[in-house]
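Bear in mind that the values in this text are calculations on the coordinates, not laboratory data. For clarity, every value in this text was computed on a predicted model and none was experimentally measured. Here the Cβ positions follow ideal geometry from the backbone for every residue, glycine too, while neighbour counts run over all protein chains shown.
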Amino acid sequence: MKMIVAIVQNSDVARLSETLIKAGVRVTKLASTGGFLRAGNTTFMIGVEDARVDSVLADIKRGCQPREEYAQSSVGAGAEMDSFSSLHDETLGAYSGSVQVGGATVFVMPVERFLRF
Ligand code: 2BA
């Protein structure tokens, strides 16, 4: 069994939920917030048998679109921001510009035990 953790833009959540539920996939949705944009997104926790992982990943891929979002951060420069230097405004000490968000950010993890009581 695997645990698929998928971070999805809120605009894609309704359609993806419907697709997964129709396919008989069990899902838990958590309200989450992107650390960078500080905008709401949704984290799907999906526990599935190994044989179904690829089909669930295909559903997620089909259901989630990449979008351009405007990013603005007043957070001071840190090591993690180096890759964002093209958007760095030296005068303001802030970052602004557009970034591509998604489709979905997905982690597939092994499940040691699955219990339902
Ligand atoms: P956010 O953290 O709000 O990031 C939104 C988008 O901003 C990212 O899209 C990426 O294009 C850009 N971005 C984020 N951090 C950046 C940085 N340090 N430097 C330059 N650009 C940066 P995605 O990569 O598609 O990520 C969408 C959302 O998925 C993220 O929202 C976050 O909630 C989650 N996420 C992405 N990678 C993750 C990871 N390795 N671990 C945990 N969550 C992750």
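Size check on the range 1-77: the Cα extents along the three principal axes, sorted descending, read 45, 22, 18 Å.
Among Phe36, Phe44, Phe114, the order by Cβ neighbours within 10 angstrom, fewest to most, reads Phe114, Phe36, Phe44. As a rough footprinting exposure proxy, the listed residues Leu115, Leu37, Leu16, Leu30 were ranked by other beta carbons within 10 Å of their own, and the order from fewest upward is Leu115, Leu30, Leu37, Leu16.
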